[in-house]
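J.: My questions will all concern the structure given below.
The values are calculated or read from the model by the stated rules, or taken from the named source; none is laboratory data. Bear in mind that the values here come from a model prediction, so they are computed numbers and not experimental data. Virtual Cβ from ideal backbone geometry, glycine too; neighbours counted across all protein chains shown. Ligands, DNA and RNA are excluded from the accessible area calculation, which covers all protein heavy atoms including side chains. Shrake-Rupley method; radii C 1.70, N 1.55, O 1.52, S 1.80 Å.
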Amino acid sequence: MNKLEHDNIIAFHPGYVIKDILEGEGMSQDELSKRLGTSAKTVSKLINGKIDLTREMAMKLSIVFDTSVTMWLNLNQDYLKKKIEIEKRISQKMQFKTVSQLDYNYWVRLGVVAVSNEVCMQIDELQRYFGVTDLNTMYDRNFLLKISDSAPISESQILHANAWIQTAMNFAKKANTEIFDYKGLKKKLTALRDMAMSDSREKWNQMKDLLSAHGIAFVLLPTLDHCPVETVVKWLSPDKVLFAMRDNLTNTGKFWTDFFNGIGYIMERRLTLTIATGMAIYGDKKVQAVKIKAEDFSKDFLIPRDDYRIFLESHSFDRRSVDAFAESLRIHPDIVTFRLQNDGVEIPYLTAI
């Protein structure tokens, strides 16, 4: 097609001008091909906008039609520029629905995109930030996660899951970390567990520094509406791993449980697997096996199995008993409460509220 139109933009391929000249001079395409020293097929393709104008062809046209080479090159440059703009606008229109589903201000608040109420600019900003030429890529079940086709998850949840994970990846890539040190991390597990005696908000910076020193980029992100992911572990390289969590600092029990789940995933060192929690989306047996093993590690590391069994057998779950049990384990009482709730144990002081 030698003429493209979209909205108020019209792009004329040089072939459109060549056709006009031929009609004005009464010259056939066959004659032009002979004057140019090329095939009639090439001339036909050029006139119909099916091939680009080369510098060599521009020089030949300038000789045949007694024009400047610059004229043809400028015509071609103007066409290519407008063609790109038309393609961009068409692409943006196909992404309007996607950007309207995302809370653009979420990324504005993070300080990673420019403030704008213009949809087209929002699309440009998010494309740049997510590193994709089409925001609809974020609907792909196998983009940053491996989500089985049978998983009960909506398109909107997939979109927001990919957006949240990509955001975490971007923060992690900018984080300065040492080379991943498995042995060193293993030695620091007790120090990390000692932090679980405190409210999670008190230890955030200390945890971040400790993990960074062992090759882990620890990222806390605000909740993104419609995103089912709560934590994700993804290896960015053999030397650096992303560990991102939804900001649950106000829920101490859940925070520490999720935190040590993540540490368990990292200790498994499955470099090719991206492991996310918060939704049952995986059909991959390898991922499921790692998740089960890591969650068992988290449970037993925070609350040793035998101690927990004895506590359950006591059938005493009032506030004083829970606090005393937590103190004996040197962990925050909310961790015990969260574990009991997950196991379906009725807790009197919570039931009474």
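J.: Restricting attention to the stretch 90-127, and to residues there that are among the acidic types (Asp, Glu) and at pLDDT below 95, which single residue is nearest to residue 164 (Cα to Cα)?
T.: 124
J.: Does the stretch 39-51 contain any residue that is open to solvent by less than 80 Å² (accessible area, probe 1.4 Å), without any contact (Cβ under 8 Å) to a residue 12 or more places away in the chain and either of a type in the set (A, V, I, L, M) or in contact with an Asp or Glu (Cβ under 8 Å, 6 or more places away or on another chain) (or both)?
T.: yes
J.: Let me ask another. Can you give me the number of residues within the stretch 106-147 that are more than 17 Å from residue 169 (Cα to Cα) and among the aromatic types (Phe, Trp, Tyr)?
T.: Of the residues in the stretch 106-147, 1 are more than 17 Å from residue 169 (Cα to Cα) and among the aromatic types (Phe, Trp, Tyr).
J.: Filter the stretch 237-274 for residues that are open to solvent by 20 Å² or more (accessible area, probe 1.4 Å), assigned to a helix (DSSP H, G or I) and charged (D, E, K, R); which is farthest from residue 142 (Cα to Cα)?
T.: Residue satisfying both the conditions and the ranking: 254.
J.: If I go through the stretch 10-28 residue by residue, how many of them are in contact (Cβ under 8 Å) with a residue 60 or more places away in the chain and over 15 Å from residue 64 (Cα atoms)? Walk me through it before giving the result.
T.: Let us first name the residues in the stretch 10-28 that are in contact (Cβ under 8 Å) with a residue 60 or more places away in the chain, namely 10-14.
Those still in the list that are over 15 Å from residue 64 (Cα atoms) too: 10-13.
Of the residues in that region, 4 qualify.
The rows are residues; the columns are (1) in a helix (DSSP H, G or I); (2) open to solvent by less than 60 Å² (accessible area, probe 1.4 Å); (3) in contact with a Cys (Cβ under 8 Å, 6 or more places away or on another chain); (4) of a type in the set (D, E, K, R).
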position	(1), (2), (3), (4)
301	yes, yes, no, no
309	yes, no, no, yes
313	yes, no, no, yes
321	yes, yes, no, no
324	yes, yes, no, no
328	yes, no, no, no
336	yes, yes, no, no
339	yes, yes, no, yes
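J.: Could you name every one of the helices (runs of 4 or more DSSP H) located completely within the stretch 127-232 that has at least 3 residues being under 30 Å from residue 328 (Cβ atoms)? First the steps, then the outcome.
T.: Working: elements: 155-174, 182-187, 189-195, 200-212.
Helices (runs of 4 or more DSSP H) meeting the threshold: 182-187, 189-195, 200-212.
J.: Here's something else I'd like to know. Got a number for residues in the stretch 126-142 being surrounded by 14 or more Cβ atoms within 10 Å (Cβ to Cβ) and farther than 17 Å from residue 94 by Cβ?
T.: Residues in the stretch 126-142 being surrounded by 14 or more Cβ atoms within 10 Å (Cβ to Cβ) and farther than 17 Å from residue 94 by Cβ: 2 in total.
J.: While we're on this one: Kindly check whether there is at least one residue in the stretch 57-71 that is in contact (Cβ under 8 Å) with a residue 40 or more places away in the chain and within 19 Å of residue 1 (Cβ to Cβ).
T.: no
J.: Assess whether residue 78 counts as being open to solvent by 50 Å² or more (accessible area, probe 1.4 Å), assigned to a helix (DSSP H, G or I) and under 30 Å from residue 223 (Cβ atoms).
T.: In short, no.
J.: Would you mind telling me which numbered condition in (1) open to solvent by less than 60 Å² (accessible area, probe 1.4 Å); (2) touching a strand residue (DSSP E or B) at 6+ places or on another chain (Cβ under 7 Å) residue 102 fails?
T.: For residue 102, the exception is condition (2).
J.: Give the residue that is modelled with the highest pLDDT, with candidates limited to residues of the stretch 198-223 that are open to solvent by 30 Å² or more (accessible area, probe 1.4 Å) and touching an Asp or Glu at 6+ places or on another chain (Cβ under 9 Å).
T.: 213
J.: Would you be able to say whether some residue in the stretch 18-27 is within 30 Å of residue 119 (Cα to Cα), buried (at least 17 other Cβ atoms within 10 Å of the Cβ) and in contact with a Leu (Cβ under 9 Å, 6 or more places away or on another chain)? Give the steps one after another, and end with the answer.
T.: Of the stretch 18-27, the ones within 30 Å of residue 119 (Cα to Cα) are none.
There is no residue in the stretch 18-27 that is within 30 Å of residue 119 (Cα to Cα), buried (at least 17 other Cβ atoms within 10 Å of the Cβ) and in contact with a Leu (Cβ under 9 Å, 6 or more places away or on another chain).
J.: Okay, next question. So which pairs qualify, if the first residue must be in the stretch 139-157 and under 13 Å from residue 226 (Cβ atoms), the second must be assigned to a loop (DSSP other than H, G, I, E, B) and open to solvent by 50 Å² or more (accessible area, probe 1.4 Å), the Cβ gap must be under 7 Å, and the two must be at least 6 apart or on different chains?
T.: Close Cβ pairs satisfying both conditions: 156/226; 157/226.
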